[in-house]
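**Q** Sharing a structure below in structure tokens format, with a few things to ask.
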Amino acid sequence: MLRPLFILRFFFFCSFLSSAEEKNEQTNPASTKLYVSVFDIDATPPVGSWLAYDLMVNTWDLGLRARGVVLTGIEKPIVLCTIDWIGISNESQDAFKKALAIAANTDSRHVVVHTLHQHDAPICDFTAEAILKEAGIELAGFNGDFARNTIERLKHAIGEALKKPQPVTHIKTGHAPVYRVASNRRIMKEDGSMDVMRATACRDSALRAKPEGLIDPDVSLISFWNQDKPIAVLSFYATHPQSYYLTKIANPDFPGVARFYRQLEVPEALHVHFNGAGGNIGAGKYNDGSPENRQILAERLADGMKRAWENSINDSVTSKDISWHTEPVALPVAQGVEEKIEAEMRSKDMRYRTNSLGCLGWIKRRKAGITIDIACLSIGNARILFMPGELFVEYQIAAKALRKDLFVTMAAYGDYGPFYIGTKESYLHGGYEIKSSPVTAESEEILMNVVKKLLPAEH
């Protein structure tokens, strides 16, 4: 009879061999195996911290998450990370990407960090923090201490995740319409000019009665599988994520609740949600700001996610089916924005600075020659575009139309510095988003040229 000690040693020896074999496969240039590692940490600041707009007084049933995946088995690992914060911009993007790249043994250009843009959540911008410090103005929401702590915890989480890579045999892609959630915020007159903005929480019944307007109705899903086991699910849906907000209580709002519902239904896979090009999209037609609407909107989004999951089709992939491309963009700066913010930032309140200091930091970096990368992940028949700012939905619709033969989806809210990025036509019509935008109408041509380069026409 085998002794217990011998059995235990034999078990650990086999585990060691298996782990070593997996590691060799990941680093073997001749191997075509693709691997995915998942990471997930709490990104909720402590009570007493500043959120983007208010001092935090309590926590909610669901906290904020920072989660994502690392793809390995390829020449350079790729890190896709999304966080339940309102925005991460400028030097903060640099810091997050550098740290996550070190943890994953890759470079910063192979890392993307996006946010879901919840408003009862932190904002992160080390450039704005430095500007306020130099001006002797209260940091409030731009105090970066908790963000730096989050970066360190993310580094550790990725390091631990990479010890447990899971082989990917195939992906699944699917999409489905989400009913009665998204609506266009910009209400136009009959002559095509701007009339009024329909807020994401809209108490005006006449505005809620207006048509839904231009949206991308679909939620898109890409899931990673090891045989019959799902490992991770990436979902993409374009809308501002607010139901009711400015509560002073950190919460992930209805997209976070929808993600949680799907996590409960498919617990073996990590669910990672990205906000699409939702700069001019919100739930205003279907949301009067009543607290019960958070659950209603979450259930509707989760229903769309479920149908997209059920509609998904297989696509076998190896590491040879992965490619990653980035293109730097230098968006044009609108005249007078820098001077206006510098003149007003001392006299205005924190909410003004929350919506303005990131733009100011971006302008200063832009004038120093610093660009923003746009990235595209190609995996099998799927393409994911990773875009900056609060991008208008027209960009997402246009990208999908470029390659109808592929499964194309988009994540916006990468570098938050450029804030709202409208279409060329929208800059003629004005409105809240355009008045808040630090870029110009020429941005459309620049961005679409990059998108076309990353999604070249079918030969």
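**Q** Any chance you could give the angle, 0 to 90 degrees and rounded to 10, that helix 350-367 forms with the longest Cα principal axis of the chain?
**A** 70 degrees
**Q** Further, regarding this structure: Where does each of V79, V219 land when they are ranked from fewest to most other beta-carbon atoms within 10 angstrom? Working shown, then result.
**A** Details: V79 25, V219 30.
Ordered by Cβ neighbours within 10 Å, fewest first: V79, V219.
**Q** Please state the relative contact order of the stretch 368-459 as a whole percent: Cα pairs under 8 Å, 6+ residues apart?
**A** So the answer I get is 27 percent.
**Q** Got the relative contact order for the chain handy, in percent, Cα pairs under 8 Å and 6 or more residues apart?
**A** Working: 1056 pairs, mean separation 78.4, N = 459.
It rounds to 17 percent for the chain.
**Q** To continue, here is another question. Would you be so kind as to identify which of H156, A95, P122 lies farthest towards the positive end of the dipole of the stretch 90-162, taking Lys and Arg as +1 and Asp and Glu as -1 on Cβ and the Cα centre as origin?
**A** H156
**Q** Still on this structure: Check each of the GluC sites (Glu not before Pro) in the stretch 103-173 and keep only those in coil by DSSP with at most 15 other C-beta atoms within 10 angstrom; list them in order.
**A** Numbers: sites: E129, E134, E138, E152, E160; in loops: E138.
The qualifying sites are E138.
**Q** Do any trypsin sites (Lys or Arg not before Pro) in the stretch 177-272 lie in a DSSP loop with no more than 12 other beta carbon atoms within 10 Å, and if so, which?
**A** Numbers: sites: R180, R185, R186, K189, R198, R203, R208, K248, R259, R262; in loops: R180, R185, K189, R198, R203, K248.
Taking the stretch 177-272 and a limit of 12 other Cβ atoms within 10 Å, the loop trypsin sites (Lys or Arg not before Pro) found are K189, R203.
**Q** DSSP loop (so not H, G, I, E, B), at most 15 other Cβ within 10 Å: list which GluC sites (Glu not before Pro) in the stretch 381-459 pass both filters.
**A** Working: sites: E390, E394, E425, E433, E442, E444, E445, E458; in loops: E425, E442, E458.
Qualifying residues, ordered by number: E425, E442, E458.
**Q** Among (i) 22.6; (ii) 25.6; (iii) 23.7, only one was calculated for this model; which label is it, if the read-out is Kirkwood radius over Cα pairs in Å?
**A** (i)
Where a number appears in this text, it was derived from the coordinates with a stated rule and is not lab data. Just so it is clear, the structure is predicted and the values come from calculations on it, not from any experiment. Reconstructed Cβ throughout: ideal geometry from the backbone, glycine too, with neighbour counts over all protein chains shown.
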